[in-house]
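Notes to accompany the following structure.
The numbers here are math on the coordinates, done by the rules we state, and not lab data. Keep in mind that this is a model prediction, so the values were computed, not measured. Glycine gets a Cβ as well: all are built from the backbone with ideal geometry, and neighbour counts include every protein chain shown.
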Amino acid sequence: MSGPRVAVSTTVGHRRTTLLLLALIGLLAACGGASSGGTDADGSSVDSVESTTTERAQEAIPLVAEALGADVVRGSQQWQSCMAISWRHEAFATLSAPAGDTTTQLDDVRSALTGAGYDDATQVDDHVTVTRDQTTVDVQPASARGEGTWTVTVRSGCADYDGDDLDRVEDDDGGPLDGV
């Protein structure tokens, strides 16, 4: 009687292994198929993503500065890792604004950005977060850096890149953000 039980057990084991392999292949195809090949999920190239993020930063940061009556102290941009499996382009700015009521200032920032066509996506107190397409703009006071200091972060969505594009985003040392 031990012979048939071994045969059934081996057959079930092979079926389980086959099912696990098929599930793994399906999972890998679903996770990596749409955004590999040097483009993001929308099919945009590294150059396009970087250009769009930079243009949105060059639009949003001056709007925020104007809403706060602030000066841009520093602006920079760089490719950043998303959870160590994909990449996004980010632009950063530090602003120096006169002291004021933070709630009013955040409302002014929100009005300026939504007036320029961004959608309000704020979910956290003491932040303004807006989106347009695959770009997110986040604005917040940074009192730990000094009274009247604000930060603006403009980021693309996360995407997988390969080949020369992957080398480019991995080797990016960042640089200044002009035009803000």
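Does the stretch 50-104 come out rounded, prolate or oblate by the C-alpha gyration tensor, with a ≥ b ≥ c the root eigenvalues, rounded set by a/c under 1.5 and, if not, prolate when a/b is larger than b/c and oblate if not?
prolate
Could you check the simple spin-label distance between Ala121 and Ser48, using points 7 Å along Cα→Cβ, in nm with one decimal?
Distance between the two pseudo-spin positions: 1.8 nm.
Net charge around Ala57, counting only other residues with Cβ within less than 11 Å of its Cβ (Lys, Arg = +1; Asp, Glu = -1)?
Around Ala57, the charge tally is -3.
Karplus couplings for the stretch 115-132 from phi (6.51 cos²θ - 1.76 cosθ + 1.60, θ = phi - 60°), rounded to Hz, Gly and Pro as x?
x, 8, x, 7, 9, 5, 10, 4, 10, 10, 4, 6, 9, 10, 10, 10, 9, 8
Normalised by the residues of the stretch 44-150, what does the relative contact order come to in percent, with Cα pairs under 8 Å and at least six apart?
Details: 154 pairs, mean separation 23.5, N = 107.
Normalised by residue count, the contact order of the stretch 44-150 is 22 percent.
Taking the simple approach of a point 7 Å from Cα along Cα-to-Cβ for both Asp171 and Arg74, what is their distance in nm?
Here the modelled spin labels are 2.6 nm apart.
Please give, to one decimal in nm, the separation of the simple spin-label points placed at Ile85 and Asp162, each 7 Å out from Cα toward the Cβ.
Going from the Ile85 label point to the Asp162 one covers 1.6 nm.
Please compute the volume of the convex hull spanned by the alpha-carbon atoms of the stretch 59-180 and report it per residue in Å³.
Spelled out: Cα convex hull of the stretch 59-180, divided by residues, is 114 Å³.
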